[in-house]
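Quick one: the structure is below, and I'll ask about it shortly.
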Amino acid sequence: MRFHGFFRSSSAYRCRIAFNLKGIQPDTAHVSLRRNEQRSPGYLALNPQGLVPALDTGEGVLAQSLAIIEWLDETQPGPKLLPADPMTRAQVRAFAQVIACDIHPLQNLRVLNYLETTFGADQEARDEWCRTWIAPGLEACEAIAAAQDHGGAFAFGDTPSLADICLIPQMFSADRFGLPLDPYPRLNAIRAACEALPAFAEAHPARQPDAV
C-alpha cells in the first residue's frame with residue numbers, strides 16, 4: 001500500500017499513528033501542502049477532493065483519515081483500534097468525531113488561507129481563530145474522558161483507540177496555535193501515556209522526512 005500525506009497534516013498524523021500501532025510500514029509519498037501539490041492533476045486523479053491523506057490499498061484508493069483507520073482496523077492484523085462492545089465503540093467514534101468533524105475542519109490550511117486572502121487576517125488573527133474553535137472542542141473531550149471510570153491510561157481503556165489517535169494530533173495543533181492546555185488535566189495525562197509509546201512518538205510531525 002502507498003500512503004500520501006504531509007508531515008504537519010493532523011489527518012495524516014492520525015494515519016501514521018494507526019499504521020505504527022498496527023506494525024505496518026506503507027510506502028510513503030510526500031504531498032507538500034505548502035507547494036499546493038494536493039491540487040496537482042496527478043494527485044487530483046488519485047483523490048478528487050484534493051486533500052491529504054490518501055491511501056492506495058492496491059485494491060482501490062481511500063481518502064479521509066477515519067475511513068482509512070477503520071479500514072486498517074477491519075482488514076489488518078494487530079491491536080484493535082475500535083472496541084468490540086457496540087456502545088463503547090460508538091462512544092470512541094463520537095469522541096473522535098468531535099475532533100475530526102467539529103474542530104479540525106476550522107483549523108484546516110485551506111480555511112486559514114481563505115481567512116488571510118479574503119479577510120486580510122494576519123498570523124495572530126488566524127491563530128486566535130483556531131484557539132476560539134479548538135478550546136470548546138477540547139473542553140468537551142476533557143469532560144468525556146474524565147467521566148470514564150475504566151481506570152486505564154488511555155481515553156477509553158488500557159490500550160489506545162481511535163479516540164487517542166485523533167486526540168494527540170489535535171493537542172499538537174493546539175500547541176501550534178498557542179492554546180494553553182492546563183485546563184485539560186485528563187487529556188494531558190492521556191497525551192503523556194500515548195507519547196510514551198513508540199507508535200505515537202515516531203508519528204510526530206517533527207520526525208517525518210518531509211518536515212521543514
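The values are calculated or read from the model by the stated rules, or taken from the named source; none is laboratory data. The structure presented is a predicted model; accordingly, all values stated were derived computationally and were not measured. Positions of Cβ are generated from backbone atoms using ideal geometry, with glycine treated the same way; all protein chains shown enter the neighbour counts.
Out of 59, 70, 74, 37, report the one residue that is free of Cβ contacts under 8 Å to residues at least 12 places away in the same chain and either in the same structural domain as residue 155 (by TED's automatic domain parsing) or surrounded by 13 or more Cβ atoms within 10 Å (Cβ to Cβ) (or both). Write out each step before concluding.
Values: 59 fails: either in the same structural domain as residue 155 (by TED's automatic domain parsing) or surrounded by 13 or more Cβ atoms within 10 Å (Cβ to Cβ) (or both); 70 fails: free of Cβ contacts under 8 Å to residues at least 12 places away in the same chain; 74 fails: either in the same structural domain as residue 155 (by TED's automatic domain parsing) or surrounded by 13 or more Cβ atoms within 10 Å (Cβ to Cβ) (or both).
When all the criteria are applied, what remains is 37.
Has the range 99-114 got at least one residue that is without any contact (Cβ under 8 Å) to a residue 60 or more places away in the chain, surrounded by 17 or more Cβ atoms within 10 Å (Cβ to Cβ) and of a type in the set (Lys, Arg)?
no
For a quick check of your reading: which helices (runs of 4 or more DSSP H) sit entirely within the range 79-151 and have at least 2 residues that are polar (S, T, N, Q)?
The qualifying helices (runs of 4 or more DSSP H) are 86-97, 109-119, 123-146.
To continue, here is another question. Taking the range 131-186 as the search range and keeping residues that are under 15 Å from residue 95 (Cα atoms) and of a type in the set (Val, Ile, Thr), which one is surrounded by the fewest Cβ atoms within 10 Å (Cβ to Cβ)?
Out of the qualifying residues, it is 144.
Restricting attention to the range 169-196, which residues are in a loop (DSSP other than H, G, I, E, B) and free of Cβ contacts under 8 Å to residues at least 60 places away in the same chain?
So in the range 169-196, the residues in a loop (DSSP other than H, G, I, E, B) come out as 177-184, 196.
Residues satisfying the conditions are 178, 179, 180, 181, 182, 183, 184, 196.
Here's something else I'd like to know. Pick from 84, 96: which is surrounded by fewer than 17 Cβ atoms within 10 Å (Cβ to Cβ), under 29 Å from residue 158 (Cβ atoms) and small (Gly, Ala, Ser)? I'd like the intermediate steps shown before the answer.
Numbers: 96 fails: surrounded by fewer than 17 Cβ atoms within 10 Å (Cβ to Cβ).
Step by step, each of 84, 96 is checked, and only 84 is surrounded by fewer than 17 Cβ atoms within 10 Å (Cβ to Cβ), under 29 Å from residue 158 (Cβ atoms) and small (Gly, Ala, Ser).
If you don't mind, there's one more thing I want to ask. Which residues, counting only those in the range 61-78, are under 24 Å from residue 33 (Cβ atoms) and in a loop (DSSP other than H, G, I, E, B)?
Result: 64, single match.
Taking the range 13-34, which residues are part of a loop (DSSP other than H, G, I, E, B) and surrounded by fewer than 20 Cβ atoms within 10 Å (Cβ to Cβ)?
At the first step, the residues of the range 13-34 found to be part of a loop (DSSP other than H, G, I, E, B) are 23-26, 31-34.
Passing the criteria: 23, 24, 25, 26, 32, 34.
Hey, can you tell me all the residues within the range 7-34 that are touching a residue at least 12 places away in the same chain (Cβ under 8 Å), farther than 12 Å from residue 169 by Cβ and either not charged (D, E, K, R) or not assigned by TED's automatic domain parsing to the domain that holds residue 51 (or both)?
19, 20, 21, 23, 24, 26, 28, 29, 30, 31, 32, 33
Can you name the number of the only condition in (1) touching a strand residue (DSSP E or B) at 6+ places or on another chain (Cβ under 9 Å); (2) under 27 Å from residue 24 (Cα atoms); (3) free of Cβ contacts under 8 Å to residues at least 60 places away in the same chain; (4) in a loop (DSSP other than H, G, I, E, B) that residue 160 fails?
(3)
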